[in-house]
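K.L.:
My questions will all concern the structure given below.
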Amino acid sequence: KADTAMYQAKDQGRSNYQFYTSALTLAANDRLALETSLRHALEREEFTLHYQPRVRTQDDVMIGMEALVRWHHPDKGLTAPDAFIPMAEETGLITPLGLWVLRTACRQAQTWMRLYGEPIHMAVNLSMRQLRQPDLVSQIDAILRDTGLPASSLELELTESVLMAGDGHTLTALAELKALGVRLAIDDFGTGYSSLAYLKRLPIDALKIDRSFVSDIPHDASDMAIASTIIAMARTLGLEVVAEGVETPEQLAFLKKEGCDSYQGFGFSPPVDAQAMTLWLDGLAREHRIARA
Ligand code: C2E
Ligand code: MG
Ligand code: MG
Ligand code: MG
């Protein structure tokens, strides 16, 4: 059954946007052009969100999704976040962009919840710079109240840099977010240099195993050992564990055997636009297969 899901999803195709030079390696005049067009992009409504299913490992049932931003660049077409998020962080534009992402994802999740009568678990990426904004917590509180999305349906994905920073303001912000009732996850887990002691102290709900430890399963023994160790540690600490970048039935079988709770990856589905996700949810609803997370 798992294999069927894998192969069906493969037909939906791979990544549907082009990658181009990372913003960090651009020449000065190209950087300026990027910054200027990024500044206008919000007003011109050039950003859009795609949604990637999060799937329960045990039975391939979709239990939620992650919102991933894209930019409909007037000249370059649909552009991946790696080409503009670093610049948005550098210039501070990540603050309004991040709020737009949060608001749009929460509104969409609430719309789907209303349509299908089941909670939709929505994960949103948050950059370190957003977490340092003194009014982030009240902004998120306002977004939840305005959109009507229950706080428990929102999961914020933070990278390990928050574990490394570990400063007072960050810890306070995480505690306040937790008090709102949102879930917190550590993204790209295993790639940073975080202190494991912090994992115990922070109010974290989930770990997402970085794609780099998944992509060479079952050929790389050390990646497999790392993935198994992260899964075992997460279970010991009572955290949910999610694998990123699962592409093959072999990878899925391994993660299932190790007890990984859920996964995302092209093997099930790449991120898709809201319209495609709506069609998919329609189908699941007809089959009574929308699951509670
Ligand atoms: P991430 O949060 O770790 O997201 C996972 C990335 O892996 C996504 O790339 C997704 O399309 C890709 N992916 C998913 N499954 C597979 C797979 O099976 N194989 C491969 N090769 N790739 C897979 P994407 O959408 O290009 O996003 C890249 C990064 O940009 C994200 O990594 C996240 O760090 C950042 N990002 C995306 N949206 C936002 C946002 O709204 N705010 C912030 N601050 N960062 C964002
Ligand atoms: Mg993420
Ligand atoms: Mg990740
Ligand atoms: Mg990443």
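The values are calculated or read from the model by the stated rules, or taken from the named source; none is laboratory data. Since the structure is predicted, the reported quantities are computational estimates derived from the model, not experimental observations. As a convention, Cβ positions derive from the backbone with ideal geometry for all residues, glycine included, and neighbour counts pool all protein chains shown. Ligands, DNA and RNA are stripped out before the accessible areas are found, and what is left, the full protein with its side chains, is counted by its heavy atoms. Shrake-Rupley method; radii C 1.70, N 1.55, O 1.52, S 1.80 Å.
K.L.:
Go through (1) at pLDDT 95 or above; (2) within 16 Å of ligand 2 (Cβ to nearest atom); (3) among the acidic types (Asp, Glu) and name the single condition GLU160 misses.
P.N.:
Going through (1) at pLDDT 95 or above; (2) within 16 Å of ligand 2 (Cβ to nearest atom); (3) among the acidic types (Asp, Glu) one by one, GLU160 breaks only (1).
K.L.:
Give the number of residues within region 123-171 that are assigned to a strand (DSSP E or B), out of contact with any Asp or Glu (no Cβ under 6 Å at 6 or more places or on another chain) and under 19 Å from ALA88 (Cα atoms).
P.N.:
Result for region 123-171: 3.
K.L.:
Taking region 79-138 only, how many residues are buried (at least 22 other Cβ atoms within 10 Å of the Cβ), more than 27 Å from ILE290 (Cα to Cα) and away from ligand 4 (no atom under 16 Å from the Cβ)?
P.N.:
Residues flagged as buried (at least 22 other Cβ atoms within 10 Å of the Cβ), more than 27 Å from ILE290 (Cα to Cα) and away from ligand 4 (no atom under 16 Å from the Cβ) within region 79-138 amount to 1.
K.L.:
Moving on. What single numbered condition from (1) within 15 Å of ligand 2 (Cβ to nearest atom); (2) open to solvent by 40 Å² or more (accessible area, probe 1.4 Å); (3) part of a strand (DSSP E or B) fails to hold for VAL69?
P.N.:
The one condition VAL69 does not meet is (2).
K.L.:
Can you confirm whether PHE19 is out of contact with any Gly (no Cβ under 9 Å at 6 or more places or on another chain) and at pLDDT 95 or above?
P.N.:
Details: out of contact with any Gly (no Cβ under 9 Å at 6 or more places or on another chain): yes; at pLDDT 95 or above: no.
Here the answer is no, as PHE19 does not meet what is asked.
K.L.:
Does ILE186 meet the test of being under 26 Å from ALA151 (Cβ atoms), assigned to a loop (DSSP other than H, G, I, E, B) and touching a strand residue (DSSP E or B) at 6+ places or on another chain (Cβ under 9 Å)?
P.N.:
no
K.L.:
Residue by residue through region 195-214, note down the ones that are within 16 Å of ligand 2 (Cβ to nearest atom) and hydroxyl-bearing (Ser, Thr, Tyr).
P.N.:
Selection gives SER212 alone.
K.L.:
Tell me, please, whether a residue that is within 16 Å of ligand 4 (Cβ to nearest atom), in contact with a Gly (Cβ under 9 Å, 6 or more places away or on another chain) and of a type outside the set (Phe, Trp, Tyr) can be found in region 272-291.
P.N.:
No: region 272-291 contains no residue that is within 16 Å of ligand 4 (Cβ to nearest atom), in contact with a Gly (Cβ under 9 Å, 6 or more places away or on another chain) and of a type outside the set (Phe, Trp, Tyr).
K.L.:
Additional query: Could you please find all residues in region 140-151 being open to solvent by 60 Å² or more (accessible area, probe 1.4 Å) and of a type outside the set (Lys, Arg)?
P.N.:
ASP146
K.L.:
On to the next question. What are the residues in region 191-224 that are modelled with pLDDT under 95, part of a loop (DSSP other than H, G, I, E, B) and surrounded by 17 or more Cβ atoms within 10 Å (Cβ to Cβ), if any?
P.N.:
SER194, LEU202, ILE204
K.L.:
Of the residues ALA227, ALA234, ALA285, ALA243, only one is farther than 21 Å from PHE213 by Cα, in contact (Cβ under 8 Å) with a residue 12 or more places away in the chain and either among the basic types (Lys, Arg) or open to solvent by less than 40 Å² (accessible area, probe 1.4 Å) (or both); which?
P.N.:
Just one listed residue meets the conditions, ALA285.
K.L.:
Can you name the number of the only condition in (1) crowded, with 18+ Cβ neighbours inside 10 Å; (2) touching a Phe, Trp or Tyr at 6+ places or on another chain (Cβ under 8 Å) that LEU154 fails?
P.N.:
Among (1) crowded, with 18+ Cβ neighbours inside 10 Å; (2) touching a Phe, Trp or Tyr at 6+ places or on another chain (Cβ under 8 Å), the lone unmet condition for LEU154 is (2).
K.L.:
Still on this structure, please answer the following. Would you please name the residue that is most open to solvent (accessible area, probe 1.4 Å), looking only at residues in region 246-272 that are outside any loop (DSSP other than H, G, I, E, B) and within 12 Å of ligand 1 (Cβ to nearest atom)?
P.N.:
VAL272
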